[in-house]
Amino acid sequence: MKLETPVLRMDGVCKSFPSPAGRVEVLKGVDLEIRRGEFVMITGPSGSGKTTLLHIGALLDFPTVGRVLFDGQEVSGLEEDRLCGLRKRTVGVVFQRFCLLSRRTALENVLFRFRYVGGEDRENRRAAVEALETVGLAEAADRPARVLSAGEMQRVAIARAIALRPDLLLADEPTGNLDAASAVSVMECFRRLNEAGLTVLLVTHNEGLLRYASRHLVCAEGVLKS
């Protein structure tokens, strides 16, 4: 039986950066497959390379060596406009810092996701409202981001990330700035999205979150281990 093509695949991914003391190897030959419907969590200490790995998976950075494939398509040879289109439509990203416009409403922050993809304003607004409903914040649509709690702001960030219905949702320490109760509400949001069929890749140093994952990997000194 033919296996389903992974949503995201990395083959032999290495990443290094220049420094005054010479090049620093952050990732060292990472192989990774994320299949549809998975909730994969990568843990590891600060400086282990997990955030760099996530940024490469989000097409925000590129490997020094190795291949990255989305749905079987290698991305390294894509022209910039096709790469941007793939990034906008295929990937949603949630960061530790919410990256919201504080004076804009929750709805306006989600609508920002549509800024460079076109479409009719009415349809974009409908999709943005639906995304806020999905994360349980329909009643907060007209509130400025600055008056929301930290947990609510992170859920707005999740709504923005899923508004275009991506194939893969990536999250970098999404509970790092939250208290325990808010962290639970955000992780329950990720769980519900995954149960509805969205593929999730989340990196964190907090092993207490592992109960939400369907698969756990460890990043240590630039090497990924199961």
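Any read-out appearing in this document is the output of simple, stated calculations on the displayed coordinates, not a laboratory observation. Only a predicted model underlies this, so the values are computations on that prediction, with no experimental measurement involved. Ideal geometry is used to build each Cβ from the backbone, glycine not excepted, and the neighbour counts take in all protein chains shown.
Calculated from the alpha-carbon coordinates, the chain shows an Rg and a Dmax of 17.5, 54 Å respectively. In loop segments of the range 44-143 as defined by DSSP, the chymotrypsin sites (Phe, Trp or Tyr not before Pro) with at most 11 further C-beta atoms inside 10 Å of their C-beta are TYR116. Run the count for the chain, please: Lys pairs, Cα-Cα under 13 angstrom, 8 or more apart or on different chains. Close lysine pairs found across the chain: 5.
Using the rule -39500 (n - 2.57) for each DSSP H run of four or more residues, divided by the residues of the chain, the 222 nm mean residue ellipticity is -9000 deg cm²/dmol. Beta bridges per DSSP, both residues in the chain: antiparallel share near 50 percent.
To the nearest ten degrees, helix 80-90 and the longest principal axis of the Cα atoms of the chain are 60 degrees apart. Annotation note: GluC sites (Glu not before Pro) in the range 116-185 located in DSSP loop regions with a Cβ neighbour count of at most 10 within 10 Å are GLU120.
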